[in-house]
1. Which residue, of LEU130, LEU71, LEU125, LEU96, is surrounded by fewer than 19 Cβ atoms within 10 Å (Cβ to Cβ), modelled with pLDDT under 90 and under 27 Å from GLY15 (Cβ atoms)?
2. Answer yes or no as to whether LEU303 is outside the structural domain of ASP189 (by TED's automatic domain parsing), part of a loop (DSSP other than H, G, I, E, B) and surrounded by 12 or more Cβ atoms within 10 Å (Cβ to Cβ).
3. Identify all residues within segment 264-289 that are of a type in the set (Asp, Glu) and surrounded by 14 or more Cβ atoms within 10 Å (Cβ to Cβ); write none if there are none.
4. Name the helices (runs of 4 or more DSSP H) wholly inside segment 233-300 in which the number of residues that are touching a residue at least 40 places away in the same chain (Cβ under 8 Å) and on the phi < 0 side of the Ramachandran plot is 3 or more.
5. In this structure, is ALA249 assigned by TED's automatic domain parsing to the domain that holds GLN131 and hydrophobic (A, V, I, L, M, F, W, C)?
6. Residues of segment 59-84 being of a type in the set (S, T, N, Q), farther than 17 Å from LYS228 by Cβ and in contact (Cβ under 8 Å) with a residue 60 or more places away in the chain, which ones?
7. Which residues, taken from segment 49-69, are under 12 Å from the mean Cα position of the chain (by Cα) and either of a type in the set (S, T, N, Q) or outside the structural domain of GLU246 (by TED's automatic domain parsing) (or both)?
8. Being of a type in the set (A, V, I, L, M) and either modelled with pLDDT of 90 or more or farther than 28 Å from SER62 by Cβ (or both) is the filter here; which residues of segment 206-236 pass it?
Amino acid sequence: MPTAQDPLAQRLLAGDKRALARAISLVENDDPAGWELVREVFPHTGKASIVGLTGAPGSGKSTLISALTKLRRQADRQVAVLSIDPSSPFTHGALLGDRIRLTEHFLDQGVFIRSMANRGALGGLSEAALQAALLMDASGKDDVLLETVGVGQAEIDVIDHADTVVLVLMPGSGDSIQALKAGVMEIPDIIVVNKADHPLTDTMVREIRGVLSLAPAVKGAWRVPILKTEASRGEGVEVLVEKLDEHRAFIEEEGTLSERRQRNLRNEVLSICTFRMRRDLAARMEGDDEFARLLAEVVERRLDPASAATQILEHFEA
């Protein structure tokens, strides 16, 4: 494996938290030095266990991550948390910032916490977020916990970037039905019903079991467990840790971990290509008279959007 030459890369590979923070800022700001750094440290990635946590806002994902981080640290594991927040429409920064519920870990040298804006990215995960997860991996973290914004396509998209996907639901909210409608029930490896002291918890568990039973049975496949937690009190989180470890062992033994990562890397390459092509196309259309003309025709209902898109692509390919 090649040795890093850049001093910042060397510090990052040695586990320096400030170097990691600096590196993530570089890629978040689209600084060429950041992309060069990612290229240099990429051969050192692939060691961390990446867990994606998704679910509707208010389901307690941040509180659950805090409790999960506490148990991982008790096992002397290095932990990184990457929270993908919705973007401010004015500053394009993360609306929520570093998670208030994770403050107990801020002074722990074995924990790195970062919030990033999705910046309106397709799928809710920006190009910089994908690189940030790689940088966390390269810095020697044993666990990278990736928390999505929890709305829309981001819930589905997280499957392309994690070894294990945890879906967090909240009883009494209709989440199980909404998740079924959105197709989210097809992606989790573990389902957590948080805030389990709610009187409708058992009802929700039955609903989820009913939804899961609709899927065709596959011999030897992983059986998705449904766990009940009360993250604010740490109840049920130890069982979640056990199931995370069981799933990791299962996909390693079955040989599906390498398959997942091959799929994930393929999708990351495609995501970055899509993001950059869209950005470049938007920049080229800025101030373009032909684009303005076609858009005016669409607004006036004289041309449909699909036909306009076809003509725009032909115009820029010419």
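1. Only one candidate passes the filter, namely LEU96.
2. Spelling it out, LEU303 is indeed outside the structural domain of ASP189 (by TED's automatic domain parsing), part of a loop (DSSP other than H, G, I, E, B) and surrounded by 12 or more Cβ atoms within 10 Å (Cβ to Cβ).
3. GLU268, ASP288
4. 237-254, 256-285
5. Yes.
6. SER62, SER66, THR69, GLN78, SER83
7. Selection gives THR54 alone.
8. LEU214, ALA215, ALA217, VAL218, ALA221, VAL224, ILE226, LEU227, ALA231
The values are calculated or read from the model by the stated rules, or taken from the named source; none is laboratory data. From a predicted model like this one, the values you see are computed outputs, not experimental measurements. For neighbour counting, all protein chains shown are included, and Cβ atoms are generated from backbone atoms with ideal geometry for every residue, glycine included.
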